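The block underneath contains the structure these notes are about, expressed in C-alpha cells.
The values are calculated or read from the model by the stated rules, or taken from the named source; none is laboratory data. As the structure is a prediction and not an experimental result, all values here were calculated from the model. When we count neighbours, we look across all protein chains shown, and the Cβ atoms used for this are built from the backbone with ideal geometry, even at glycine. The area values use the complete protein model at the heavy-atom level, side chains included, leaving out ligands, DNA and RNA. Shrake-Rupley method; radii C 1.70, N 1.55, O 1.52, S 1.80 Å.
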Amino acid sequence: MLRSRGVNSIVSRVLKAEYVFRPTRLARRVTRMFRAPAQRGEHSLSLPWGWPFLADPTEEIGLAVSTLGIYDLVVCEALTRLLESGDRALDVGANIGLMTAVMAHAVGPHGSVTALEPHPELQARLRRNARIWRESFGSPKIECLQVAASDRKGSAHLNIPEAFESNSGLGSVSASAAGDRSIPIQLERLDDIVPEGTAIAVTKIDIEGHEIVALAGAQRLIESRALKHIIFEDHNVGRSEVVAHLRAHGYVVFALRRALFGPVLDSELLRQDSAPAWEAPSFIATLDASGTRTKLAARGWRVLRAMNPSEISVPT
C-alpha cells in the first residue's frame, strides 16, 4: 500500500501538462535534482515563448517558472485565449509581472497593458521586467502603477505576513497597520485609472480578498460594460460577494480549473461553499459567455508553445 501511494505521488508530479506538452522541461527538472539548490536572488529565467523573466527561484513564482516554465497555468492559458492582438488588458495585483508578460505577449505590439502593484520592491522588479521586454522584443506599452485598486483614492497599508519571503503574493490591503512589516501604500479607483470610453478586454484581479472593494471602485467601468472579461481568485466560491456582485451586473461566472489536456469551465464548483484546499479557486466573469466557452473549448495549452524564432529579436 505504501509503495503504491509512493508511485502514485511520483506519477501525479510527473504527469503535468507543463511536462507532457514540453517534455524538455521535465528533463531539465530531473537534471536539477543533481545540482546544488538555487541561490536566493534574482535570476534570468525563460518563459515558454522566449521572453526572459527576472525572478527569484527560491520564491513561489520563480520556483514555478524555473521548474515548470510557467506559474498558474490555467489562468495564463485563459489570458492567452481571451486576449487578441491590439487589445487593452488590466493586471490588478501584478506582483513581479508574470501575468503582465502573458498579457503583453497576447495583445502584441499594438495592444497595451496597465499593471498595478503597490509594494515598492515588487513594483521595481515589475518595471525591470517590463523594460527588458520592451527593449528586447518591442512589447506593447506596459504602464506600471505603484498603487492598489480600491473604492477610494487615498492611503492605506499593505500588511506583510511572515510567509511573504517565499510567496510575495500574500500582502493584504488594510486601513491600518498590523505589526512592524506593514507598508504605507496609495489607493486609486479603477474608474479613475481607466479613461472613460476605454474598453478593457481582460482584467485580472488577484489582491488577497480586496477584490470586492476594488470592484466597488470600478462602478462606472462595470455599468458601462467596459470590462468584458474579469479573471479573479476567491476562496469563498458559492458564498462569494464578488460572484454575486458581478452576476447582479450581467456577468456570467465560470469556475476555471485545469485538466491534463486543457482548461475547463466548471459551473459545479460555484454551487459549493468553498474550493478544495489543493485547487486554486480562479473564476472568469464574462459579458460574452458563448464566446468564452468557444475560446476555452479547444484542447491543448497555447501558453506553453514556444515563440517562432523569427519573432525573437535581441537588441545589439
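Taking amide H positions as placed in the peptide plane 1.01 Å from N, state which residues far from Leu256 in sequence (5 or more) or on other chains have amide H under 5 Å from it.
For Leu256, whose amide H was placed from the backbone, the distant partners under 5 Å are Asp266, Ser282, Phe283, Ile284.
How would segment 50-148 be classified by its alpha-carbon gyration tensor: rounded, prolate or oblate, with rounded meaning a/c under 1.5 and the a/b versus b/c comparison settling the rest?
rounded
Name the lysines eligible as straight-distance cross-link partners of Lys228: C-alpha to C-alpha under 27 Å, and not fewer than 8 places from it in the same chain.
Partners found: Lys141, Lys153, Lys204, Lys295.
Can you tell me the order of 108-119, 134-145 when each peptide is scored by its average per-residue count of other Cβ atoms within 10 angstrom, highest first?
Values: 108-119: 21.8, 134-145: 17.8.
Per-residue Cβ counts within 10 Å, averaged per peptide and sorted highest first, yield 108-119, 134-145.
By the scheme Lys and Arg +1, Asp and Glu -1, what is the net charge of all other residues having a beta-carbon under 10 Å from that of Arg220?
Details: positive: Arg189; negative: Asp191, Asp192, Glu196, Glu223.
Charge balance in the 10 Å sphere: -3.
For Ser224, put the label point 7 Å out on the Cα→Cβ axis and report which residues of segment 183-205 keep their amide N under 14 Å from it.
Counting only backbone N, you get 190-201.
Between His235 and Asp192, 0.36 nm times their residue separation minus their Cα-Cα distance comes to what?
Full extension of this stretch gives 12.7 nm more.
Ranked by accessible surface with a 1.4 Å probe, highest first, in what order do Arg299, Arg128 come?
Numbers: Arg299 180, Arg128 80 Å².
Most to least solvent-accessible, the answer reads Arg299, Arg128.
Over what distance in Å are the Cα centres of segment 133-159 and segment 86-100 separated?
Taking the Cα centre of each part, segment 133-159 and segment 86-100 sit 8 Å apart.
Output wanted: per-residue J couplings in Hz (rounded whole) for segment 254-266, from phi through Karplus 6.51 cos²θ - 1.76 cosθ + 1.60, θ = phi - 60°, x for Gly and Pro.
Working through the residues one at a time gives 10, 6, 10, 9, 9, 10, 4, 9, x, x, 10, 8, 10 Hz.
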